[in-house]
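Presented below is the structure to which this report refers.
The values are calculated or read from the model by the stated rules, or taken from the named source; none is laboratory data. Keep in mind that this is a model prediction, so the values were computed, not measured. Cβ coordinates were reconstructed from backbone atoms using ideal geometry, including for glycine residues, and neighbour counts include every protein chain displayed. All accessible areas refer to the heavy atoms of the entire protein, side chains included, with ligands and DNA or RNA removed. Shrake-Rupley method; radii C 1.70, N 1.55, O 1.52, S 1.80 Å.
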Amino acid sequence: MLQFLSRFKSPLVLLLLAASLISAFTADLVSFSMLIFMVILSVSLDFFQEYRAEQTADALRRSVAVRASVFRDCVLADIHVEQLVPGDVVLLRAGDLVPADGRIIEADDFFVNQALLTGEAYPVEKHAGELQQPASDYSEAANALFAGSTVISGSARVLICVTGSRTVLGGLAGSLRRAPPPTAFEKSTYQFGMLIVRLTFFLVIFVLFVNLLHHRPGLETFMFALALAVGLTPELLPMVVTVTLSRGALRMSRRHVIVKRLAAIHNLGAMDVLCTDKTGTLTEARIRLERHLDAAGNESEQVLLWAYLNSYFETGLKSPLDEAILNHQALDVSGWRKIDEVPFDFERRRVSVLLQHEASRFLVVKGAPEDVLRLCTHYELSLGKTAAVDAGRKAALGEQALALARQGFRVLGIAWRQVEPERSQALVGDESELVFAGFAAFLDPPKADAAEALRQLKHSGIDIKVVTGDNEQVTAHLCAQLGLEVRGIVTGSQIAQMDDTALQASVDSVNLFCRVTPGLKSRVLLALRQRGHTVGYLGDGINDASALHVADVSISVDTAADVAKEAAELILLRHDLNVLHEGVVEGRRTQGNIMKYVMMGTSSNFGNMASMAGASLFLPFLPMLPLQILLNNLLYDLSEVALPFDRVDPEYLSRPRKWDMRFIRNFMLVLGPVSSLFDFLTFYLMLTVLHASETLFRTGWFVESIATQILVIFVIRTRRNPLKSRPDTRLIVSSVLLVALALLLPYCPLGAYFQLTPPPSGFLVALLGMVAAYLLIVEWVKRQFYHWHAG
């Protein structure tokens, strides 16, 4: 009920209600009844269509909503996070979002990122224990978790204490909530609204001035100007937009793309740059460990053991590389025991575990080769024998890693150091003076259909940019396999040295961004947006969350980490670029149908309303009564209800589409006068040939304006010859029925209520000729306009 009543806050609805009250006070009951009917019909139609659309969108969103693993009746079950209640015990692992505030019962090397609450970017370790301080001291509460945090590594059982708006995050929502930067779609609709407001304002002022100058009744003039303002306003645009977007969301769901935010469909259609990670998107994500080499370049079982121990005892989110190591060969680790861990983070790019074997303790490190080598002072010759690493040896080892990368291998550096037997905690500072063991080299073959998908996206006008944490040699090798031309490479270290202006200058010419951290990914996307691109980002990991927030359209997959799924607006049910391409086409189709309504409404509405304003200059009476203008507008809007279901020409779908206010304005200024020209021909026919009375004049123009305004959609809806672009049957039926109703209305008893009179048969014959001529001339002007616009 509140949703329905909220529709009455619309400025347009308030304007109509004000006009109806004025009509009631002046005893004009017909106008009062018509205005009230229009308000109720418009609000009801808008509410019903948007309600259905939102229900559809909500159902789709719920299908990919974040879920929590909760113990109920001693059974672990997955439920929607909205269903959690105080007293539930949830199991959290790396990659999960913390769904509510709670106390930790059990924890195993459990690190979380609570930057949303504290601003602290580095992970914080949490432990089990009794709550020692109030919940508001969340920055220091080592045994409590708070909604909005992200699990970085480890696992924990958490007793839920507070949910929903009563959480710390919920209490801070008012101060933390900042409106996200407006999307391309929101900017476009705002600019369009301002264009209509300016036109309406100047048209109303002009009409009031002219009619008052001719000493016409003030109330009648005001009602006429008010009706013109209503007639110029595309009041069904919100409904058309919502219904079109929701229909697009439903069609995209059939193509395995779930839409969480309707406006993202428009942004997907406007997207001209897609930034994507490499693993799992361009590759099969079935990584295999192919080689485990020592410092001399020989296959080494000892290197495999160190790598296996690190991956086996790591409690963070297992990466595909970890899975590949563990699946390569099962090793006996029964003699080893884990003591502690330093979890992986994207700045260090490595993970360390502290292990005990018999009476000795070892810190085993695995990570990016260049970072691991930098921390090594020795290298392993054979089991138990080491030698110092000099600059020449480090250079040779670095070249060995590059050689593997050039062959398409992903490479990890493996190192270790022995620590004191009493050491019980691992710290980042312990990652020094390491012994370099060797390299683990992996292969991840490209997807069989990725090359074709990239070709289709490129053919559709989308530039692909690979933004990855992997090194440039591996990425370039993969691009060569996929036929993706490398136009330029920038590494994370180079980006870190650039200011924003320098980065913006380079992003267009570069399509490979390698060794980038999450923060640098966001900078790349922001730089592309500053260059005027509509940017999409496809990611599925914890490290992709910030980039997903920054992109114009954020895309993830249903198997992604919770934090990535929560940030994304579109969820792919298949991790496949072909699915994404189908979604892009659907986004363009949706945007195309919205633009049809905008272009038709601005051109034909503007032409008709300008004709009325112009006619008031020389006619001794109002060219159309306010009530007739409102009826005209209502019939016209009803005829366009089927527009969201219309077909879109294939050539419109071939490249990215954005709202262009200059194009819309010029289209209106070129085609609007054509409508006005035929309005004035109607004036001439009615006054000179038929010597029409006021009532007949208004009737004739009412019928002519309805016929031209509705039927012109079949010309404007396509850039082709209208006979070669078949519209949807529902649009044909609604348009023809509403034109027929307008023609029959003067002959019905209801016509008298609107002060319409049957026109002579000669006028109807002339009307048929004028409408045909009007549509032919509009078609010719349309072609000339598009030719000029393309030039």
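Results, tabulated for the structure shown:
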{"quantity": "Which listed residue is farther than 18 Å from residue 281 by Cα, of a type in the set (A, V, I, L, M), at pLDDT below 85 and not in a strand (DSSP E or B), from 595, 609", "calculated": "609"}
{"quantity": "Residue 528 being part of a helix (DSSP H, G or I), of a type in the set (A, V, I, L, M), buried (at least 20 other Cβ atoms within 10 Å of the Cβ) and out of contact with any His (no Cβ under 7 Å at 6 or more places or on another chain)", "calculated": "yes"}
{"quantity": "Complete set of residues in segment 284-304 that are under 45 Å from the mean Cα position of the chain (by Cα), open to solvent by less than 80 Å² (accessible area, probe 1.4 Å) and more than 12 Å from residue 441 (Cα to Cα)", "calculated": "284, 285"}
{"quantity": "Filter result (open to solvent by 40 Å² or more (accessible area, probe 1.4 Å), modelled with pLDDT under 90 and not hydrophobic (A, V, I, L, M, F, W, C)) within segment 335-357", "calculated": "347, 349"}
{"quantity": "Residues (modelled with pLDDT under 85 and not polar (S, T, N, Q)) located in segment 288-329", "calculated": "316, 317, 318, 320"}
{"quantity": "Pairs with Cβ under 7 Å, 6+ apart, first in segment 572-595 and under 30 Å from residue 716 (Cβ atoms), second of a type in the set (Ser, Thr, Tyr) and surrounded by fewer than 24 Cβ atoms within 10 Å (Cβ to Cβ)", "calculated": "581/460; 584/460; 588/652; 592/652"}
{"quantity": "Test: residue in segment 601-617 that is under 29 Å from the mean Cα position of the chain (by Cα) and in contact (Cβ under 8 Å) with a residue 60 or more places away in the chain", "calculated": "yes"}
{"quantity": "Qualifying residue in segment 702-718 (condition: over 20 Å from residue 608 (Cβ atoms), open to solvent by 40 Å² or more (accessible area, probe 1.4 Å) and out of contact with any Pro (no Cβ under 6 Å at 6 or more places or on another chain))", "calculated": "no"}
{"quantity": "Scope segment 642-673; condition of a type in the set (Val, Ile, Thr) and under 23 Å from residue 724 (Cα atoms); matching residues", "calculated": "648"}
{"quantity": "Index of the failed condition, residue 281 passing every other in (1) hydroxyl-bearing (Ser, Thr, Tyr); (2) open to solvent by less than 30 Å² (accessible area, probe 1.4 Å); (3) more than 38 Å from the chain's Cα centre (by Cα)", "calculated": "(3)"}
{"quantity": "Residues (surrounded by fewer than 24 Cβ atoms within 10 Å (Cβ to Cβ) and modelled with pLDDT under 90) located in segment 531-555", "calculated": "532, 541, 543, 546, 549, 550"}
{"quantity": "So residue 755, is it polar (S, T, N, Q) and open to solvent by less than 10 Å² (accessible area, probe 1.4 Å)", "calculated": "no"}
{"quantity": "Verdict on residue 742 being surrounded by 21 or more Cβ atoms within 10 Å (Cβ to Cβ), farther than 30 Å from residue 598 by Cβ and not basic (Lys, Arg)", "calculated": "no"}
{"quantity": "Where a residue in segment 449-467 is within 15 Å of residue 579 (Cβ to Cβ) and touching a residue at least 12 places away in the same chain (Cβ under 8 Å) and its partner, wherever it lies, is open to solvent by 40 Å² or more (accessible area, probe 1.4 Å) and in a loop (DSSP other than H, G, I, E, B), with Cβ under 7 Å and at least six apart", "calculated": "460/655"}
{"quantity": "Pairs, first touching a residue at least 60 places away in the same chain (Cβ under 8 Å) in segment 397-409, second charged (D, E, K, R), C-beta under 9 Å, six or more apart", "calculated": "404/291; 404/410; 405/470; 405/472; 408/444; 409/290; 409/291"}
{"quantity": "Scope segment 426-467; condition of a type in the set (S, T, N, Q) and over 21 Å from the mean Cα position of the chain (by Cα); matching residues", "calculated": "432"}
{"quantity": "Matching helices (runs of 4 or more DSSP H) fully within segment 278-385 where at least 2 residues are touching a Gly at 6+ places or on another chain (Cβ under 6 Å)", "calculated": "369-374"}
{"quantity": "Residue that is modelled with the lowest pLDDT, among those in segment 78-115 that are open to solvent by 20 Å² or more (accessible area, probe 1.4 Å) and part of a loop (DSSP other than H, G, I, E, B)", "calculated": "96"}
{"quantity": "Matching residues in segment 435-489 - criterion: being among the basic types (Lys, Arg) and either touching a His at 6+ places or on another chain (Cβ under 8 Å) or open to solvent by less than 40 Å² (accessible area, probe 1.4 Å) (or both)", "calculated": "447, 465"}
{"quantity": "Members of segment 431-464 that are more than 27 Å from residue 269 (Cβ to Cβ), modelled with pLDDT under 90 and touching a Leu at 6+ places or on another chain (Cβ under 7 Å)", "calculated": "446"}
{"quantity": "Per-region count, segment 752-772, residues over 14 Å from residue 705 (Cα atoms), in contact (Cβ under 8 Å) with a residue 12 or more places away in the chain and assigned to a helix (DSSP H, G or I)", "calculated": "2"}
{"quantity": "Residues of segment 561-579 classified as open to solvent by 10 Å² or more (accessible area, probe 1.4 Å) and within 21 Å of residue 99 (Cβ to Cβ), total", "calculated": "7"}
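Residue-wise test of (1) part of a helix (DSSP H, G or I); (2) of a type in the set (S, T, N, Q); (3) at pLDDT below 85; (4) over 33 Å from the mean Cα position of the chain (by Cα).
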position	(1), (2), (3), (4)
619	no, no, yes, yes
627	yes, no, yes, yes
638	yes, no, yes, no
659	no, no, yes, no
663	yes, no, no, no
